[in-house]
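K.L.:
Here it is, the structure in full.
Just so you know, all these numbers are worked out from the coordinates, no wet-lab data involved. The structure presented is a predicted model; accordingly, all values stated were derived computationally and were not measured.
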Amino acid sequence: MKAHTHQASYKPQHFSRTLFTGVLFALALALLVPLCGCKKNESKQSQPEITLQNLQTAYVREMRIGREYALFSQRAERDRYGSIANLFRAASRSEQIHAEMAAALLRGKSTEVKPFVPDSITVGTVMQTLRLAVSDEGLETESMYPNLARTAELEKFPEAAESFRRTLDADKRHIELFKDALDKGGSIARIQYYVCPTCGYIITSDKIDECPGCHTNKEKFEKI
Ligand SMILES: [Zn+2]
């Protein structure tokens, strides 16, 4: 009985100490949990924020270059460089597809795509437009898209990383085609271009069965 009494008198003390520690722990948790919860709610369950901004930047840039190439194409046509006009038309379509790839990923993350606002574009001679195109695409392939792909990987957004890499490969192809046209002083043969509707890769041979970038079947290629 005595032991029981002793135990009874000890127990509440022990209990209150446990309770006190428990309350402190609960308080600490109560402070921490809403903080984490808040952060999570704000970022819609850890959204890849930087990559979402990068997709928006890529969307606007690709839309702009798509429009630029369409204007370059008109200039080439006017200056009787029909084959260069066609090359710029194919490249313009390719850039539109890249813009759409970025927009689709944004929409997939329930993120609003801010509209592209056309600005004024200076259109030089055909040789100037080709040189500008090589320089712009060089910037994209050497630093912009490799960086965006790496960031998307770090933010665990593999679809965006893949999309940036596909855009990078398609842009490298643009450089090859533009450089070839420059080397030939604008006198390139008038050929049929096939643009992959999935990744924007430009194919110049009808003997290729699928896109080298994303394996889309040739049946789906757009003829330019
Ligand atoms: Zn493709």
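K.L.:
For the stretch 98-200, I need the span (max minus min coordinate) of the C-alpha atoms along each principal axis, in Å, sorted largest to smallest.
P.N.:
45, 27, 26
K.L.:
Whole-Hz ³J(HN,Hα) for each residue in the stretch 174-186, computed from phi via Karplus 6.51 cos²θ - 1.76 cosθ + 1.60 with θ = phi - 60°, x for glycine and proline: what do you get?
P.N.:
Couplings: 4, 4, 4, 5, 5, 5, 4, 5, 5, 4, 8, x, x Hz.
K.L.:
Sticking with this one: If I stretch the segment between Met127 and Glu49 completely, what's the gain in nm (0.36 nm per residue apart, minus their alpha carbon distance), one decimal?
P.N.:
Stretched out fully, the Met127 to Glu49 stretch lengthens by 24.1 nm.
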